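S.K.: First the structure, which I've put down as structure tokens, then a few questions once you've had a look.
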Amino acid sequence: MSFPLLTATAVLPALGAVATAAVPAARRTAAKWLALLVSLATLVLAAVVAVRFEPGGARYQLTETYEWIPAFGVRWELGVDGIGVALLLLTALLIPFIVLAGWHDADPSPSSPPRSSGGHPKENANNRWRPTQGFFALILMVEAMVILSFEATDVFLFYIFFEAMLIPMYFLIGGFGDRAHQGGEEAAATQRSYAAVKFLLYNLAGGLIMLAAVIGLYVAAGSFSLPDIVAARASGELEMGTNTERLLFLGFFLAFAVKAPLWPLHTWLPNAMGEATAPVAVLITAVVDKVGTFAMLRFCLGLFPEASKWATPVVLVLALVSIVYGALLAVGQRDIKRLVAYASISHFGFIILGIFVMTSQGQSGATLYMVNHGISTAALMLVAGFLISRRGSRLIADYGGVQKVAPVLAGTFLVGGLATLSLPGLAPFVSEFLVLVGAFARYPVVGVVATFGIVLAALYTLVLYQRTMTGPVKPELAKLPDLRVRELAVVAPLIALLIFLGVYPKPLTDLVNPAVRHTMSDVQEHDPEPEVEAAK
Amino acid sequence: MENLIAPLIAAPLLGAAVLLCGGRRLDKAGHWIGTALAVASFVLGAVLFAGLLGRGAEDRTLVQHLFSWIPVEGFQADVAFRLDQLSMTFVLLITGVGSLIHVYSIGYMEHDERRRRFFGYLNLFLAAMLILVLADNYLLLYLGWEGVGLASYLLIGFWQHKPSAATAAKKAFLVNRVGDMGLSIAIMLMFTTFGTFAFTPVLGSVGETGEGTLTAIALMLLLAACGKSAQVPLQSWLGDAMEGPTPVSALIHAATMVTAGVYLIVRSGAIFNAAPDAQLVVTVVGAVTLIFGAIVGCAKDDIKKALAGSTMSQIGYMVLAAGLGPIGYAVAIMHLVTHGFFKAGLFLGAGSVMHGMNDEVDMRRYGGLRKYMPVTFVTFGLGYLAIIGFPGLSGFFSKDLIIESAFAKGGVQGWILGTVTLVGAGITAFYMTRVMLMTFFGEERWRNLPAASPDAPDVEPAADHGGVPHPHESPKVMTVPMIVLAFGSVFAGAFFGIGERFVHWLEPVTAYEHGHPPVSALTVTAATVTVMVIGVGLAWLQYGRRPVPVVAPRGSLLTRAARRDLLQDDFNHVVLVRGGEHLTRSLVYVDHTLVDGVVNGTAAGVGGLSSRMRRLQNGFARSYAVSMFGGTALLVAATLLMRAV
């Protein structure tokens, strides 16, 4: 038996989480370093997966299958396609940056007593309480579960991790909120717990519906194995009634649409991203939410191709609404982090649009978009977090003239913003343009409406930059320090990556293209032919 | 030889990277590095130009394919560059004028602590502009297109601590984004029509598709051109862009970037030729803008804004010419190049004046400066003569050709367009004479400026910039580039025009048709000169014979409207800004109450969650969430058991 590489990519951070949590209370710094090392080692494993993966080869590679609950046909069945590898890489890549960016986020503040964490009782104020260890352990735990969701090819196995990651996420949001709150510590705690519970309830509700659909699928197909079901459906062995398929599709789709999130199921995201610390906000939008869009592509389209096509018009309209609505709301925000959250909602609209227009360009674009949005949001949000931690406020109005006192911080913030507005030459442009072209090729009107998103994106990004970074320096900011070495170490590689993938995205497209071909054949769609076969 | 194209672009790109990431240790040498790389790029361009001249006229296209940019099923975008006569012309203009302006900036920005960064941005601009004109497909062109937009944004807002500069920069980027939408849609249309957006296959298979599609593509390209070239209705950003340092106004907002729209239309000539309706719209946009800009130029007291109105108007000429089809393409580009010389020269002259006048921009506070700044006066004067079309100078040749071509369109359209261009020439002569007289002639109004008084709160006190100015000539590093550009303003037109050298050079790319104006060319020329003389005379009557008041008179309704850029911003403010603010504000409210409420309410209806949601704030919530999760787990277990039994 060969080495179970995929399992290892998840077991390593999971074990790392346990080890980090077990570090004694006095050794906070050791726990941080341990978490960083584990996340880097996971990145190395993910890189090994990417190298071992052959883009032209079988659809699912590095597969592992173990019997788990034979009575119900649930198997520990893992495998990755190009899309899975891309997202695995994204996750493994971002976690070290999240850890590094959150280095001091869970330090017990000297003035106030240790903050309560999620479900733990507050009176736990003795020195056995270890928030720092907990914070980093939870991040690693989320990483393990997200990675397993990208790798699971057993529907039930996927469901378990899809749901289980809510628990560590809930504690991360509820227990380690942003210290910058204008209403003081008490208001912050209330807001935080509201955000955490809202996050949990929305996602659990989606998950419950999905659970019913998962069971329904088992009843209909007699198996939880994604490759088996897809093959059986393609060969005609497995017939599924139209209504059954549609109902099952809806069950899956709703859960993913909450997680992604799609309008009008999005309202939990601004709360969660606003109240969480910046690194946790990045974890939510750049990593965890990607499971939702990934699952649409893999499970909705793969398992229920006909129902997916049936639902396409509605999904496209909702995606368009998300794009425009998210952007407009971002324009109206007064809070930096909520602004980024609404921008993300707009971007998720693009991803879902790309998936459901059912063209190669759209789906390749959507996959690239997941990766690029992860990197660009991380860059923007983490710099925003550095800024917020300096001033202790999330309100845009509390800033002004930062570029004068902290030019490097302002410069990196601008690059993150330019990536968010999809400036050509930076990675998000590639994916956004592919989605737009893919949409336009099949539905010109949809493509044109989505294009309005690029104007609005420029609006919210540049207004944010103008209000925070330019103009006369606010007196409170006169002593604002520029980026420190640790912070620069977080941002610089992300920016380098944004430029590299904007100029040379070929490594990524090579990985993704074959997987998209498979998905397109799952849904039995062909790209629209050009009107004129232009002389090449 | 084509291997030199990439280094040509790479030189300024390297400069930008080094200067922007290099940090303070490069502060001392930054401007030299930036200038050296700009000059290097120009030298490479000259070498390539010599190489092209050594080839036959039909064999002057070089293509350098670097790598595949975005390879996706059915979609191919390459990083590939094409050098032909059209792009060569632009390369020389961009790197040539660009290098001169780098040199000038060494002096102009000497006392700015962020000079290194300024040169980094200038280099970035050069690289992006070169990508724009050298790209071999529309998507790569788009990269350059937005790249120059970024450089323009950074440079307009270079003095970011001034809120007006930051606002102007944002406005320029946003208005341009509206244009960019047009370019994206045009590229998408090309993709669905031709399956590609590389120049050769698209422009070569225009005949195989319907006029409707081509008209749509052409109109979208025009929208893009309007944004970048500040044509009506996307003109509003250019005046504000004068907030940037003056060398930027000279290079980006006069000589090169703003002409990118003309390049786009001429490059896509094959599409426009097959879409006559779109061509008509192009000429109308050009005609409207050339009058619009000229009127605004007449009313502005800020020397840079007057020149910006003029730029808008002159690009209107080019766009109009480009809308005429093969009669006009080469002519448009010729005017673009001569305009590049004289307008860059005029802006540098304006910068030199400001340099000697404590950064004062209000021409009503100038006067009689010719004695104090002789070199600036002479070079500015030559640029002035060139732009009004004084016989024998550059503008005379190129503008005259446009007027002829406009008449040659034929029919009523020809008469209308021809008349508009003629009238425009008259107004040009008027507003430029006004600038000239107010700045260099008349009494020295800067000696006795009014003190601040409560009666006229709009009037800036003289002490604003440090007392009475001591006008002086600028250092050599600034005047030499002005002298070089003045040479271009004087001789380029004749060099290009005599023997139709320029037109023949471009003909293989743009094609060329001789127009047949309904009246003889000589009549047109005579009319142009007459109109010019009238314009100069009227301006002299108003600003030469009579003293210029230091505080602007109230003026007629039209004057007041023109001072406010013909109310463009008032219109935008009422329609877009206010409307948008209301929309976003109400949406924020809707999201907070309605969407959130409905979703929560639905959930409550379905699952009886409402009472629990209400308890969210009071601490039971956590236990509820845990119990709900426990419930889920139980449900899973139960269902699976049922299944197993």
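S.K.: Within the stretch B:70-93, take every residue that is β-branched (Val, Ile, Thr) and in contact with a strand residue (DSSP E or B) (Cβ under 6 Å, 6 or more places away or on another chain) and give me the one that is nearest to the other protein chains (Cβ to nearest Cβ).
M.R.: Step one: of the stretch B:70-93, the residues β-branched (Val, Ile, Thr) are B:70, B:72, B:79, B:89, B:91.
Now restrict to residues that are in contact with a strand residue (DSSP E or B) (Cβ under 6 Å, 6 or more places away or on another chain): B:70, B:79.
On the way: B:70: 6, B:79: 8 Å.
By that ranking, first place goes to B:70.
S.K.: Moving on to the next point. Specify the residue that is surrounded by the most Cβ atoms within 10 Å (Cβ to Cβ); the eligible residues are those in the stretch B:562-596 that are touching a residue at least 12 places away in the same chain (Cβ under 8 Å) and out of contact with any Phe, Trp or Tyr (no Cβ under 8 Å at 6 or more places or on another chain).
M.R.: Among those residues, the one meeting the criterion is B:565.
S.K.: Another question, if that's okay. Considering the stretch A:480-519 alone, what residues qualify as being in contact with a Lys or Arg (Cβ under 9 Å, 6 or more places away or on another chain) and surrounded by 15 or more Cβ atoms within 10 Å (Cβ to Cβ)?
M.R.: Those that are in contact with a Lys or Arg (Cβ under 9 Å, 6 or more places away or on another chain) and surrounded by 15 or more Cβ atoms within 10 Å (Cβ to Cβ): A:480, A:514, A:515, A:518, A:519.
S.K.: Of the residues B:127, B:172, B:168, which is touching a Phe, Trp or Tyr at 6+ places or on another chain (Cβ under 6 Å), within 11 Å of chain A (Cβ to nearest Cβ) and touching a residue at least 60 places away in the same chain (Cβ under 8 Å)? Lay out the reasoning, then the answer.
M.R.: Numbers: B:127 fails: touching a Phe, Trp or Tyr at 6+ places or on another chain (Cβ under 6 Å); B:168 fails: touching a Phe, Trp or Tyr at 6+ places or on another chain (Cβ under 6 Å).
Selected residue: B:172, the only one of B:127, B:172, B:168 that is touching a Phe, Trp or Tyr at 6+ places or on another chain (Cβ under 6 Å), within 11 Å of chain A (Cβ to nearest Cβ) and touching a residue at least 60 places away in the same chain (Cβ under 8 Å).
S.K.: If you take the residues in the stretch B:356-400 that are farther than 29 Å from residue B:244 by Cα and out of contact with any Gly (no Cβ under 7 Å at 6 or more places or on another chain), which one is surrounded by the most Cβ atoms within 10 Å (Cβ to Cβ)?
M.R.: B:390
S.K.: Hey, among B:536, B:531, B:550, B:524, which residue is more than 25 Å from the chain's Cα centre (by Cα), more than 29 Å from residue B:416 (Cβ to Cβ) and not polar (S, T, N, Q)?
M.R.: B:550
S.K.: Listed residues A:472, A:505, A:424, A:407; which is more than 30 Å from residue B:13 (Cα to Cα), within 11 Å of chain B (Cβ to nearest Cβ) and of a type outside the set (Gly, Ala, Ser)?
M.R.: Going through A:472, A:505, A:424, A:407 in turn, just one is more than 30 Å from residue B:13 (Cα to Cα), within 11 Å of chain B (Cβ to nearest Cβ) and of a type outside the set (Gly, Ala, Ser): A:472.
S.K.: While we're looking at this one, here's another question. Does residue B:45 satisfy the criteria of being outside any strand (DSSP E or B) and either in contact with a Phe, Trp or Tyr (Cβ under 7 Å, 6 or more places away or on another chain) or of a type in the set (D, E, K, R) (or both)?
M.R.: Taking the combined requirement at face value, the residue does not satisfy it.
S.K.: Can you name the residue in the stretch A:520-535 that is more than 11 Å from chain B (Cβ to nearest Cβ) and either basic (Lys, Arg) or in a helix (DSSP H, G or I) (or both) and, of all such residues, is nearest to residue A:309 (Cα to Cα)?
M.R.: Taking the candidates together, the pick is A:522.
S.K.: Return the residue satisfying two criteria in turn: it lies in the stretch A:60-74 and is out of contact with any Leu (no Cβ under 7 Å at 6 or more places or on another chain) and within 14 Å of chain B (Cβ to nearest Cβ), and of such residues it is modelled with the highest pLDDT.
M.R.: Initially, the stretch A:60-74 is screened for residues out of contact with any Leu (no Cβ under 7 Å at 6 or more places or on another chain), giving A:60-61, A:65-71, A:73.
This time we only want the ones that are within 14 Å of chain B (Cβ to nearest Cβ), so: A:68-71, A:73.
Numbers: A:68: 82, A:69: 79, A:70: 78, A:71: 75, A:73: 79.
In this case the residue turns out to be A:68.
S.K.: Filter the stretch A:189-200 down to residues that are surrounded by fewer than 23 Cβ atoms within 10 Å (Cβ to Cβ) and closer than 28 Å to residue A:72 by Cα, then give me how many there are.
M.R.: So the count comes out to 0.
S.K.: State all residues of the stretch B:527-556 that are among the charged types (D, E, K, R) and at pLDDT below 80; if no residue qualifies, say none.
M.R.: Listed by number, the list holds a single entry, B:554.
S.K.: Moving on. Please give the number of the condition residue B:65 fails out of (1) touching a strand residue (DSSP E or B) at 6+ places or on another chain (Cβ under 8 Å); (2) more than 14 Å from every other protein chain (Cβ to nearest Cβ).
M.R.: Only one criterion is unmet by residue B:65, namely (2).
S.K.: Are any residues in the stretch A:49-70 within 18 Å of residue A:92 (Cβ to Cβ) and loosely packed, with under 14 Cβ neighbours inside 10 Å, and if so, which ones?
M.R.: A:51, A:52
S.K.: Being surrounded by fewer than 17 Cβ atoms within 10 Å (Cβ to Cβ) and among the hydrophobic types (A, V, I, L, M, F, W, C) narrows it down to one of B:485, B:541, so name that one.
M.R.: B:541 is the lone residue from the list that is surrounded by fewer than 17 Cβ atoms within 10 Å (Cβ to Cβ) and among the hydrophobic types (A, V, I, L, M, F, W, C).
S.K.: When you scan the stretch B:180-276 for helices (runs of 4 or more DSSP H) that lie fully inside it, which ones turn up with 1 or more residues that are β-branched (Val, Ile, Thr)? Can you show your working first?
M.R.: Working: elements: B:199-204, B:211-228, B:237-240, B:246-250, B:260-267, B:269-273.
In the stretch B:180-276, B:199-204, B:211-228, B:246-250, B:260-267, B:269-273 are the helices (runs of 4 or more DSSP H) which contain 1 or more residues that are β-branched (Val, Ile, Thr).
S.K.: I've got another one for you. Could you please let me know if residue A:213 is touching a Gly at 6+ places or on another chain (Cβ under 8 Å), buried (at least 21 other Cβ atoms within 10 Å of the Cβ) and assigned to a helix (DSSP H, G or I)?
M.R.: Answer is yes for this residue.
S.K.: If a residue has to be facing chain B (nearest Cβ under 10 Å) and in contact (Cβ under 8 Å) with a residue 60 or more places away in the chain to count, how many in the stretch A:202-234 make the cut?
M.R.: Number of matching residues: 2.
S.K.: Restricting the search to the stretch A:254-271, which residues are more than 13 Å from every other protein chain (Cβ to nearest Cβ) and among the aliphatic types (A, V, I, L, M)? Lay out the reasoning, then the answer.
M.R.: The initial filter retains those residues of the stretch A:254-271 that are more than 13 Å from every other protein chain (Cβ to nearest Cβ), namely A:256, A:259-260.
Residue satisfying the conditions is A:260 alone.
S.K.: What number of residues within the stretch B:150-165 are at the interface with another protein chain (Cβ under 7 Å from one of its Cβ atoms) and assigned to a loop (DSSP other than H, G, I, E, B)?
M.R.: Initially, the stretch B:150-165 is screened for residues at the interface with another protein chain (Cβ under 7 Å from one of its Cβ atoms), giving B:150, B:157, B:160-161, B:163.
With the extra rule that they be assigned to a loop (DSSP other than H, G, I, E, B), the set shrinks to B:157, B:160-161.
Residues in the stretch B:150-165 being at the interface with another protein chain (Cβ under 7 Å from one of its Cβ atoms) and assigned to a loop (DSSP other than H, G, I, E, B): 3 in total.
S.K.: Quick check, is residue B:80 of a type in the set (Gly, Ala, Ser), farther than 30 Å from residue B:512 by Cα and not in a loop (DSSP other than H, G, I, E, B)?
M.R.: Numbers: of a type in the set (Gly, Ala, Ser): yes; farther than 30 Å from residue B:512 by Cα: no; not in a loop (DSSP other than H, G, I, E, B): yes.
So residue B:80 fails the test.
S.K.: Name the residues in the stretch B:207-230 that are at the interface with chain A (Cβ under 9 Å from one of its Cβ atoms) and among the β-branched types (Val, Ile, Thr), would you?
M.R.: Correct list: B:209, B:213.
S.K.: Of all residues in the stretch A:434-451 being more than 7 Å from chain B (Cβ to nearest Cβ) and hydrophobic (A, V, I, L, M, F, W, C), which is surrounded by the fewest Cβ atoms within 10 Å (Cβ to Cβ)?
M.R.: A:445
S.K.: Same structure again: For the stretch B:366-406, which positions are under 24 Å from the mean Cα position of the chain (by Cα) and among the charged types (D, E, K, R)?
M.R.: B:399, B:400
S.K.: Which residue, of B:284, B:288, is farther than 18 Å from residue B:563 by Cα and assigned to a helix (DSSP H, G or I)? Give the steps one after another, and end with the answer.
M.R.: Numbers: B:288 fails: farther than 18 Å from residue B:563 by Cα.
Being farther than 18 Å from residue B:563 by Cα and assigned to a helix (DSSP H, G or I) holds for just one of B:284, B:288, which is B:284.
S.K.: Residue under question is residue B:511, and the condition is that it be surrounded by 15 or more Cβ atoms within 10 Å (Cβ to Cβ), within 27 Å of the chain's Cα centre (by Cα) and closer than 26 Å to residue B:246 by Cα; does it hold?
M.R.: no
S.K.: I would also like to ask the following. Please tell me if residue A:346 is within 17 Å of residue A:298 (Cβ to Cβ), within 14 Å of chain B (Cβ to nearest Cβ) and either touching a residue at least 60 places away in the same chain (Cβ under 8 Å) or not polar (S, T, N, Q) (or both).
M.R.: no
S.K.: A further question on this structure: Considering only residues that are within 25 Å of residue A:265 (Cβ to Cβ) and more than 12 Å from chain B (Cβ to nearest Cβ), look in the stretch A:177-201 and name the one that is modelled with the lowest pLDDT.
M.R.: So the first thing to find is which residues in the stretch A:177-201 are within 25 Å of residue A:265 (Cβ to Cβ), and the list is A:177-178, A:190-201.
In the following step, the residues that additionally are more than 12 Å from chain B (Cβ to nearest Cβ) were identified as A:177-178.
Values: A:177: 73, A:178: 69.
It comes out as A:178.
The values are calculated or read from the model by the stated rules, or taken from the named source; none is laboratory data. Every value quoted in this text rests on a predicted model; they were computed, and no experiment measured them. Glycine gets a Cβ as well: all are built from the backbone with ideal geometry, and neighbour counts include every protein chain shown.
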